[in-house]
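These notes are about the structure you will find just below.
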Amino acid sequence: MATLQIRIDDTLKSEADALFASLGLDTTTAVRIFLNAAVENAGIPFSVQHRALPASLQEAIYDSRYRKNLNGPYDTAEAAVSSMLEE
């Protein structure tokens, strides 16, 4: 039997362990399931692609990156919340 050793971020490992435990699996079994599915499908057993973001989200990302159409700064938290609730 072979051993597979990988390095991953500690947070990712903890989150994956918790997820798999909630499904009644350990991480080793989950990885084994993934590898079996990959072999059976002759490829990655799920779609690997860029997610299309909604146009409104793409616009908001652009605006935040290039500091366009931003509001504020605000003097109080109440003023910031009030601005967010405006139509």
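Given a Förster radius of 30 Å and the C-beta distance between ALA52 and ALA18 as r, what FRET efficiency does 1/(1 + (r/R0)^6) yield to the nearest 0.05?
0.55
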Calculated from DSSP helices alone, with each H run of at least 4 adding -39500 (n - 2.57) and the total divided by the residues of the chain, [θ]222 nm to the nearest 500 comes to -17000 deg cm²/dmol
The percentage of the accessible area of the chain (probe 1.4 Å, all protein chains present) made up of carbon and sulfur atoms, to the nearest whole number, is 55 percent
Subtracting the Cα-Cα distance of VAL81 and LEU25 from 0.36 nm times their residue separation yields 15.9 nm
Probe 1.4 Å, heavy atoms of protein chains only: per residue, the accessible area of the chain in Å² is 95 Å²
Output ordering of 46-56, 64-74, 11-21 (per-residue mean of other Cβ within 10 Å, highest first) is 11-21, 64-74, 46-56
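The values are calculated or read from the model by the stated rules, or taken from the named source; none is laboratory data. In this text the structure is predicted, and so the values were computed from the model without any measurement. Glycine also receives a Cβ, built like all others from the backbone with ideal geometry; neighbour counts cover every protein chain displayed. Ligands, DNA and RNA are excluded from the accessible area calculation, which covers all protein heavy atoms including side chains. Shrake-Rupley method; radii C 1.70, N 1.55, O 1.52, S 1.80 Å.
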